[in-house]
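Take a look at the structure set out below.
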Amino acid sequence: MIVGFMTNFKNPTELAKLTAMLCKYQGMDLIYLRPRDINIKSNTVKGKMFINSTWVTVEVDIPPFIDIVPYCFKRKNREITNYLQKKTFLSDNRSNILSKEKLQEKLLDDNEFADLVIPTRRVQNFDDVQEFLNEYSRIVMKPINGIRGRGVYVLNKEKGNYILGYQTEKKTLSLKEFKNFFEENVFDKKYILQEYISSKTLQGDPFDCRIHVEKDGKEKWASAKNYIRIGIGQKVISNVNQGGGISDPEPFLKSNFGEGWEVINENLNKLVTTLPYKVEELRGTHIMSLGMDIGIDKDGKLYLFEVNDGPATASVKSEVAMLRADYYKYIMRNKLKDM
């Protein structure tokens, strides 16, 4: 049995190597490939297999199952991804994608998850920002399709001026300056506005809890790992790519929330077994991997910042590789047994 592992990187990732080794243990071979490696005319792929502790270039028929990262579904790859959707089983077929705004709207209609929702509004014009800022006093502006905190700003007003925070910087802008900023950086860029949720450490640094879940060997959602991301010195979000750190939930929650830590931790763990099923239901298709970013205010209330269906794996490589190898085996034996 051969399974595919598709990304846009030229060389196999560390996650691909770990997963290939675990696949071997499960009686499967993993082939590392990119969209450009697919040959539509011959229905084959020229990729790399991990053989005798090294990556070896091989050419095989397109595997019946391919673990594909969402970032492969770019416009330049559309012919390839459309072909693959017809020819093989993909870990995510990108149907019915939920924007940040749409997900918040859908969850608001569900009593089980409505408390997680942050007031959200699509930006159509400058007046939208003014009205939203008047209603919530401090807001976040973020791109609908943004990743890793790019283009996310926090905004409030003081004495008629606009205080704009981005990463580790904070600027004071006049009305005219802010209008110019809006025209250049936000307008026509598909942005949403959200109420600012103060999810901060006792030292004043923004943080969130990344809940990384994967499908397991029974096609159920399982926790790869919960971990706290702290944006040390940042103004807006806990983006460790811009400087920061991570922590296990228990010591962090004990340090920042005292006796209330246990209830918060239980609520975070509950989301592992509930929210992924809701997201999958809303998508209306199978999904293999999710990263859910949860903010926690000073009273211990949880808020859903966003859900990422192509979450980073740097902090959870081993856990993800183990779960994926099990999931691959389940798919090959149960979903694709006649292929």
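Coordinate-derived values only; no laboratory data. Given the structure is predicted, the values throughout are model-derived calculations rather than measurements. Glycine also receives a Cβ, built like all others from the backbone with ideal geometry; neighbour counts cover every protein chain displayed.
Relative contact order of the chain: 17 percent, from C-alpha pairs under 8 Å at least 6 residues apart in sequence.
Once the convex hull of the alpha carbons of region 120-195 is built, what does its volume come to per residue, in cubic angstrom?
Numbers: hull volume 6.3 nm³, N = 76.
Given the Cα convex hull of region 120-195, per-residue volume reads 83 Å³.
A protection proxy built from the mean count of other Cβ atoms within 10 Å ranks the segments 188-194, 39-45, most packed first, as 188-194, 39-45. Which residue, 111, 161, 134, tops the fluctuation ranking in a GNM of the chain built on C-alpha contacts under 10 Å? Most flexible of the set in this elastic network: 111. Each other residue within a Cβ distance under 14 Å of residue 260 adds +1 if Lys or Arg and -1 if Asp or Glu, for a net charge of -3.
If the reach is capped at under 12 angstrom between alpha carbons, list the aspartates and glutamates near residue 48, excluding any in the same chain fewer than eight residues apart. Qualifying aspartates and glutamates at Cα under 12 Å: 29, 37, 59.
Which of 200/301; 270/301; 100/179; 189/301 have a Cα-Cα distance over 20 Å? Don't jump to the answer; show the numbers that get you there.
Details: 200/301 12 Å; 270/301 14 Å; 100/179 25 Å; 189/301 31 Å.
Listed pairs above 20 Å: 100/179; 189/301.
For a straight C-alpha distance cut-off of 14 angstrom, the aspartates and glutamates reachable from residue 254 (same-chain residues fewer than eight places away being disregarded) are 262, 266, 299.
Set the bar at 28 Å for Cα to Cα. Now go through 24/335; 10/278; 76/171 and name every pair that lies beyond it. Pairs exceeding 28 Å: 10/278; 76/171.
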